[in-house]
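A short worksheet on the structure shown next.
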Amino acid sequence: MSALPPYATTGQRAWYYSFRVICGLVFFFLIAPIVVIIPLSFNAQDFFTFTPEMLRLDPEGYSLKHYRDFFSNDSWQSAMWNSLKIAPMATIVSVTFGTLAAIGLSQPHVPFRRAIMAILISPMIVPLIISAAGMYFFYSRIGLQGTYIGVVLAHAALGIPFVIITVTATLVGFDRSLTRAAANMGADPVTTFFRVQMPLILPGVISGGLFAFITSFDEVVVVLFVGSAGQKTLPWQMFIGLREQISPTILAVATLLVAISIMLLATVEMLRRRSERLRGMSPS
């Protein structure tokens, strides 16, 4: 919102400042649960609450013991490596199929485009527990339940909608005369895609891949249904830590995941601005 003009009425001034107070309260409501866990992750005691030493800002009330436990505990490290093995592969599958689907659905001659798009992005709309139960029954029939490939495909199915949406948004401003010019110069469709189309839609592809990676890395419901003990991911281990062990190490892991998410979202924003510059739009 722009600054108030000097001729603004009393009502306009009241709404101007009230709007900012309301936005601040909403922002605080959304961000407070995330911010609270960060200082708690440095608690020197095995508590999920602020100790008197922490409230007094006494250095003895703070420690890195929970972070050390995360990096030295075999269960946490095994879960982390499982996540790092599953999420990148799920991202690659999501980006490959999501990009191809977005390019195909962007063609005006494709019939039933809206219906196909609705089906492809349905994993974002359908409750996750329903998708997880459906994947469990389907994968158990074809022998993929409890396997690494099954978990990767399940996470890829959840990430594909994000790739489709971001790539489709990038294709909105794409100049199709460039592909026609490449075809007139004798380039085949594959060469046209990699040499002309892909460089221009790359920010959208990378943004979709980052969203797919975050979705896979943070997902817990589907992996509980589809995975086995050998595919215990980091969110799964956190879920166990809440239900069975009550380990404060969860706070340290949550803080690390928040930091990773912030970095990835900052990267997405940078790519969005770059995409707008490539399309000749001024970033907002």
Helices (runs of 4 or more DSSP H) wholly in the stretch 26-118 with at least 1 residues that are of a type in the set (S, T, N, Q) - which ones?
65-72, 74-105
Looking at the stretch 161-169, is at least one residue outside any helix (DSSP H, G or I), touching a Leu at 6+ places or on another chain (Cβ under 7 Å) and in contact (Cβ under 8 Å) with a residue 12 or more places away in the chain?
no
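Report, by residue number, each residue of the stretch 119-129 that is closer than 22 Å to Gly209 by Cβ and assigned to a helix (DSSP H, G or I).
Residues satisfying the conditions are Ile119, Leu120, Ser122, Pro123, Met124, Leu128.
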Could you tell me whether Ser78 is in contact with a Pro (Cβ under 9 Å, 6 or more places away or on another chain), in contact (Cβ under 8 Å) with a residue 60 or more places away in the chain, surrounded by 14 or more Cβ atoms within 10 Å (Cβ to Cβ) and of a type in the set (Gly, Ala, Ser)?
no
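Mind checking whether some residue in the stretch 97-108 is in the same structural domain as Leu224 (by TED's automatic domain parsing), among the small types (Gly, Ala, Ser) and free of Cβ contacts under 8 Å to residues at least 12 places away in the same chain? Even if it seems obvious, please write down each step before you answer.
Applying the first criterion (in the same structural domain as Leu224 (by TED's automatic domain parsing)) to the stretch 97-108 yields 97-108.
Now narrow it down to the ones that are among the small types (Gly, Ala, Ser): 98, 101-102, 104, 106.
This time we only want the ones that are free of Cβ contacts under 8 Å to residues at least 12 places away in the same chain, so: 104.
Yes.
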Name the residue, out of Tyr136, Tyr62, Tyr17, that is surrounded by fewer than 12 Cβ atoms within 10 Å (Cβ to Cβ) and of a type in the set (Ser, Thr, Tyr).
Tyr17
Inside the stretch 226-245, can you point out the residues that are surrounded by 19 or more Cβ atoms within 10 Å (Cβ to Cβ) and aromatic (Phe, Trp, Tyr)?
Trp236
Can you give me the number of residues within the stretch 77-97 that are among the small types (Gly, Ala, Ser) and under 15 Å from the mean Cα position of the chain (by Cα)?
4
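Yes or no, residue by residue, for (1) among the aliphatic types (A, V, I, L, M); (2) free of Cβ contacts under 8 Å to residues at least 60 places away in the same chain:
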| site | (1), (2) |
| --- | --- |
| Val220 | yes, yes |
| Leu234 | yes, no |
| Gly241 | no, yes |
| Leu256 | yes, no |
| Ile260 | yes, yes |
| Glu269 | no, yes |
Can you pull out the residues in the stretch 246-284 that are surrounded by fewer than 15 Cβ atoms within 10 Å (Cβ to Cβ), of a type in the set (Gly, Ala, Ser) and at pLDDT below 70?
Gly280, Ser282, Ser284
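Does at least one position in the stretch 207-215 carry a residue that is in a helix (DSSP H, G or I), of a type in the set (Ser, Thr, Tyr) and within 28 Å of Glu269 (Cα to Cα)?
First, the residues of the stretch 207-215 that are in a helix (DSSP H, G or I): 207-215.
Then keep just the ones that are of a type in the set (Ser, Thr, Tyr); that gives 207, 215.
Narrowing the set further to residues that are within 28 Å of Glu269 (Cα to Cα) leaves 207, 215.
Within the stretch 207-215, one or more residues are in a helix (DSSP H, G or I), of a type in the set (Ser, Thr, Tyr) and within 28 Å of Glu269 (Cα to Cα).
Just checking, how many residues over the stretch 141-168 are surrounded by 16 or more Cβ atoms within 10 Å (Cβ to Cβ) and at positive phi?
First pass over the stretch 141-168, keeping only residues surrounded by 16 or more Cβ atoms within 10 Å (Cβ to Cβ): 144-148, 150-168.
Now restrict to residues that are at positive phi: 146.
Count: 1.
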Which is at positive phi and not hydroxyl-bearing (Ser, Thr, Tyr), of Phe112, Phe138?
Phe112
Among (1) outside the structural domain of Gly209 (by TED's automatic domain parsing); (2) within 26 Å of Thr215 (Cβ to Cβ); (3) in contact (Cβ under 8 Å) with a residue 24 or more places away in the chain, the one test that Phe29 misses:
(3)
Anything in the stretch 207-225 that is within 13 Å of the chain's Cα centre (by Cα) and surrounded by fewer than 20 Cβ atoms within 10 Å (Cβ to Cβ)? List them, or say none.
Asp218
Mind checking which residues of the stretch 172-195 are surrounded by fewer than 18 Cβ atoms within 10 Å (Cβ to Cβ), of a type in the set (A, V, I, L, M) and in a helix (DSSP H, G or I)?
Leu178, Ala181, Ala183, Val190
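Could you tell me whether any residue of the stretch 8-17 is within 30 Å of Val258 (Cα to Cα), part of a helix (DSSP H, G or I) and outside the structural domain of Met238 (by TED's automatic domain parsing)? Break it down into steps so the answer makes sense when it comes.
In the first step, residues of the stretch 8-17 are kept if they are within 30 Å of Val258 (Cα to Cα); the result is none.
Checked the stretch 8-17: no residue is within 30 Å of Val258 (Cα to Cα), part of a helix (DSSP H, G or I) and outside the structural domain of Met238 (by TED's automatic domain parsing).
The values are calculated or read from the model by the stated rules, or taken from the named source; none is laboratory data. Here the structure is a predicted model, which means the values were calculated and not measured. Glycine gets a Cβ as well: all are built from the backbone with ideal geometry, and neighbour counts include every protein chain shown.
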